[in-house]
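Remarks on the structure that follows.
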Amino acid sequence: MRIDILTVLPELLESPFNHSIIKRAQQKGLVTLCVHNIRDYTTYKHRQVDDYAFSGGAGMVLMIEPIANAIVKLKSERNYDEIIYTSPDGEKFNQKTANTLSIQENLLILCGHYKGVDHRVREHFITRELSIGDYVLTGGELAAAVITDCIVRLIPGAISDEQSALTDSFQDNLLAPPVYTRPAEYNGWKVPDILLSGNTDEIEKWMMEQSIERTKKFRPDLLNEENDL
Ligand code: ADE
């Protein structure tokens, strides 16, 4: 799989992709992550990529030309399954979308910008707009990092025990059960006896009960959603 990301702030995406599972997935050749600076595609003086909105008001808008140059070049090199734009007005990103995107071959993500991008980019190039939640970030880079992280960890082989991605919170519309490790008792606080019993059937049953209980308590909305992740 390959994910190309277009941004005016490539530095913001260095660290999230250079640690742990996401770094190893790249080293194992499971995914290629390419961050492109939109400024490298501008023909304007001083590497300009944004300008005032015709509608007036504060804040600069990313111009269509550098973005179009970048997208056209990348599209001439491979076919993209989706060209995603990160924006608070997009469709809400969730585990189901992450699952769908994780089985694609090539994705292109355009990071949204403080005041937005020239709307013609969205009309003519973007196939999917994604929001990571109902709040406004300073730019789409962190959203692109979140989306990429979620997708990459789902690629088979990215997590050593494949099962562990399948048992994540949300994978079946349930929150994950609590987990414990040594010591079995700390400060008088004990790990539930069942987990020390060695009875794997009972442990599994307990975990499912805990998942359901926690979901009812903290995210009852999930129990009403369609179970088709
Ligand atoms: N850009 C700014 N806020 C965002 C959000 N919540 N999701 C995606 N992109 C964004």
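Values in this text are rule-based calculations from the coordinates and carry no lab data. No experiment lies behind these values; they were computed from the predicted model shown. Cβ sites come from the backbone with ideal geometry, for glycine too, and all protein chains shown count toward neighbours.
Taking the Cα centre of the chain as origin, work out the dipole magnitude from +1 charges on Lys and Arg Cβ and -1 charges on Asp and Glu Cβ, in debye rounded to 20.
Numbers: 24 positive and 34 negative charges, 141 e Å.
So the dipole magnitude of the chain works out to roughly 680 debye.
When DSSP assigns beta bridges and you keep just the ones with both residues in the chain, what percent turn out antiparallel, to the nearest 5? Present the calculation step by step, with values, prior to reporting the outcome.
Numbers: 5 of 26 bridges.
Looking only at bridges with both residues in the chain, the antiparallel portion is about 20 percent.
Provide Cys34, Cys111, Cys150 in ascending order of the number of other Cβ atoms located within 10 Å of each residue's Cβ, fewest first. All intermediate terms of the calculation are to be shown ahead of the outcome.
On the way: Cys34 11, Cys111 28, Cys150 20.
The order, fewest Cβ neighbours first, is Cys34, Cys150, Cys111.
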Lys216: net charge of surrounding residues, Cβ under 14 Å, Lys/Arg +1, Asp/Glu -1, itself excluded? -1
Positive end of the dipole of segment 123-229, charges at C-beta (+1 Lys, Arg; -1 Asp, Glu), about the Cα centre: which of His124, Gly139, Pro183 has its Cα farthest in that direction? Pro183
For segment 184-229 and segment 1-78, what is the centre-to-centre distance using only Cα atoms, to the nearest Å? 41 Å
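When 1/r is averaged over all different Cα pairs and the result inverted, which Kirkwood radius in Å belongs to segment 2-152? Display every interim value, and only then the final one.
Numbers: mean 1/r = 0.0638 Å⁻¹.
Here the Kirkwood hydrodynamic radius works out to 15.7 Å.
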DSSP loop trypsin sites (Lys or Arg not before Pro) with at most 12 other Cβ within 10 Å excluded, longest remaining stretch of the chain: 79-229
Could you tell me which of rounded, prolate or oblate describes segment 66-108, using a ≥ b ≥ c as the square roots of the eigenvalues of the alpha-carbon gyration tensor, with rounded for a/c under 1.5 and, failing that, prolate when a/b is larger than b/c and oblate otherwise? oblate
For the chain, find the longest principal axis of its Cα atoms and tell me its angle to the long axis of helix 200-218, 0 to 90°, nearest 10. 50 degrees
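Determine the relative contact order of segment 167-222: mean sequence separation of Cα pairs under 8 Å and six or more apart, normalised by residue count, in whole percent. List each step's numbers first, then the result.
Numbers: 33 pairs, mean separation 23.8, N = 56.
Reported relative contact order: 43 percent.
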Modelled label-to-label distance, Met208 and Glu14, 7 Å Cα→beta-carbon offset: nm? 4.9 nm
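Taking the beta-carbon count within 10 Å as an exposure proxy, list Tyr41, Tyr85, Tyr52 from fewest neighbours to most.
On the way: Tyr41 20, Tyr85 27, Tyr52 12.
Fewest-to-most Cβ neighbours within 10 Å comes out as Tyr52, Tyr41, Tyr85.
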Whole-Hz ³J(HN,Hα) for each residue in segment 177-188, computed from phi via Karplus 6.51 cos²θ - 1.76 cosθ + 1.60 with θ = phi - 60°, x for glycine and proline: what do you get? x, x, 10, 9, 9, 4, x, 5, 9, 9, 6, x
Which residues' amide hydrogens lie under 5 Å from the amide hydrogen of Asp50, considering only partners 5 or more residues apart or on another chain, with H built in the peptide plane? Met63
Say we join alpha carbon atoms closer than 10 Å with springs in a Gaussian network model of the chain; which of Leu154, Leu12, Leu33 then has the biggest fluctuation? Leu12
Which order results if His46, His113 are arranged by neighbouring Cβ count within 10 Å, fewest first? His46, His113
